[in-house]
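The values are calculated or read from the model by the stated rules, or taken from the named source; none is laboratory data. A quick note: this is a predicted structure, and the numbers were derived from the prediction, not measured. As a convention, Cβ positions derive from the backbone with ideal geometry for all residues, glycine included, and neighbour counts pool all protein chains shown.
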Amino acid sequence: MESNALLDTALKQIELVKVTEGAPVYAIDSISVEEPLEIRIATTVDGIIEYKNISVTMRTPGNDTELATGFLFTEGLISTINQIETVDRLDALCTRNSDNIIVVKLAKGFVPNTIALDRNFYTTSSCGVCGKGSIAAIKTVSIFKELSPKDCTLELEVIYRIPDQLRAAQGNFSATGGIHAAGLFDLQGELIALREDVGRHNALDKLIGYALSAQVLPLQKHILVLSGRASFELVQKAAMAGIQIIAAIGAPSSLAVELAKEFDITLFGFVRDQRCNIYHQANHIKINGLTSRLSEFDQNI
């Protein structure tokens, strides 16, 4: 299993007052660190280097290079790891905040799709975004939009089991209770990789950045497990990585369900205590343990 490997700076010890039945007690506790990370790209054309600020995201320090590369991929700015020459922190001599600035130097002559840059507002919130328009935009930039689906057989017991496995592997959640996780499992329920962050979208970008660097995309025969709810943004990023199965411990949003249907992603929600909701089941995904398929039900909702 690929570990989360967050830096020591991911947690901070603070003094606080714990109150039990009205009795205050001074204590020391751990909280998750949240700091801004600025992502810049550097392009080289005809020997001229140009820098561009792409995004500032609030994240938990750790796996920052994966976060940067995963973000560029899920936003459609790059399509392969070969389009990246180097990923480095800004020279410490340049700024006091160099630890919070990542510069992704792109391969010489490669200039990213500037249309994709216009989509960056989707990363802040799906609220107020037109469903049809946003889905069409994703289909335009996804490199896996024409990918043929892979037939998969999935045991329902695996879906029931993986949330507990995810939680058991979340070292930073156990310490703070305030951090999200995205986990990548195989179809047998074995945890392959896990990433944590205060931002659920950052956790997924880190995970996809790992998969991009490991050159295992598309993730068609894997299960993405989300520690919280399934938002439009998370389903969007999963679709960009070719993921066919998503299991969320929390609820999906209406636009997340719509997007899952558009991309034919099997979407589970409220996976806990030997229960789950299936919001969409793709025809190419067989789930053993169900007494019947949901195709007719899907068509009527």
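If you check Ile49, Ile39, Ile14, Ile28 for being surrounded by 12 or more Cβ atoms within 10 Å (Cβ to Cβ), part of a strand (DSSP E or B) and either β-branched (Val, Ile, Thr) or modelled with pLDDT of 90 or more (or both), only one passes: Ile39. Evaluating Leu226 against the criteria (1) modelled with pLDDT of 95 or more; (2) under 21 Å from Ile143 (Cβ atoms) leaves one unmet condition, (2). Among the candidates Ala168, Ala137, Ala211, the residue that is hydrophobic (A, V, I, L, M, F, W, C) and either modelled with pLDDT of 95 or more or part of a loop (DSSP other than H, G, I, E, B) (or both) is uniquely Ala211.
Just one of the listed residues (Ala182, Ala260, Ala203) is outside any helix (DSSP H, G or I) and within 28 Å of Ile39 (Cβ to Cβ), and it is Ala182. Scanning the stretch 263-279 for residues that are in contact with a strand residue (DSSP E or B) (Cβ under 9 Å, 6 or more places away or on another chain) and outside any strand (DSSP E or B) returns Asp264, Ile265. Inspect the stretch 71-79 for any residue being of a type in the set (D, E, K, R), under 18 Å from the mean Cα position of the chain (by Cα), surrounded by 16 or more Cβ atoms within 10 Å (Cβ to Cβ) and modelled with pLDDT under 90 and give the result as yes or no. Looking through the stretch 71-79, at least one residue is of a type in the set (D, E, K, R), under 18 Å from the mean Cα position of the chain (by Cα), surrounded by 16 or more Cβ atoms within 10 Å (Cβ to Cβ) and modelled with pLDDT under 90. Every test in (1) modelled with pLDDT under 85; (2) surrounded by fewer than 17 Cβ atoms within 10 Å (Cβ to Cβ) is passed by Val33 save one, and that test is (2). If I filter the stretch 205-214 for residues that are exposed (fewer than 15 other Cβ atoms within 10 Å of the Cβ) and more than 19 Å from Pro163 (Cβ to Cβ), do I get at least one hit? Yes, that holds for at least one residue. Taking first residues from the stretch 77-103 that are of a type in the set (Ser, Thr, Tyr) and partners that are at pLDDT 95 or above, the Cβ contacts under 7 Å between residues at least 6 apart in sequence or on separate chains come to Thr86/Lys105.
Scanning the stretch 185-200 for residues that are part of a loop (DSSP other than H, G, I, E, B) and in contact with a Lys or Arg (Cβ under 9 Å, 6 or more places away or on another chain) yields Leu187, Gly189, Val198, Gly199.
Suppose the filter is modelled with pLDDT under 90 and either surrounded by 20 or more Cβ atoms within 10 Å (Cβ to Cβ) or touching a helix residue (DSSP H, G or I) at 6+ places or on another chain (Cβ under 8 Å) (or both); does Arg119 pass it? Yes.
Listed by first and then second residue, the pairs linking a residue in the stretch 273-301 that is surrounded by fewer than 15 Cβ atoms within 10 Å (Cβ to Cβ) to a residue that is modelled with pLDDT under 80 and outside any strand (DSSP E or B), with Cβ atoms under 8 Å apart and 6 or more places separating them unless they lie on different chains, are Asn283/Ser295.
Being in a loop (DSSP other than H, G, I, E, B), at pLDDT 80 or above and basic (Lys, Arg) is true for just one of Lys145, Lys108. Which residue is that?
Values: Lys145 fails: at pLDDT 80 or above.
So the residue among Lys145, Lys108 that is in a loop (DSSP other than H, G, I, E, B), at pLDDT 80 or above and basic (Lys, Arg) is Lys108.
Condition first: of a type in the set (A, V, I, L, M, F, W, C), surrounded by 20 or more Cβ atoms within 10 Å (Cβ to Cβ) and modelled with pLDDT of 90 or more. Now tell me which residues in the stretch 171-197 satisfy that.
So the first thing to find is which residues in the stretch 171-197 are of a type in the set (A, V, I, L, M, F, W, C), and the list is 173, 175, 179, 181-182, 184-185, 187, 191-194.
Those still in the list that are surrounded by 20 or more Cβ atoms within 10 Å (Cβ to Cβ) too: 179, 181-182, 184-185, 193-194.
Of everything in the stretch 171-197, those that are of a type in the set (A, V, I, L, M, F, W, C), surrounded by 20 or more Cβ atoms within 10 Å (Cβ to Cβ) and modelled with pLDDT of 90 or more turn out to be Ala181, Ala182, Leu184, Phe185, Ala193, Leu194.
Among the residues of the stretch 183-239, just one is free of Cβ contacts under 8 Å to residues at least 40 places away in the same chain and touching a Phe, Trp or Tyr at 6+ places or on another chain (Cβ under 7 Å), namely His222.
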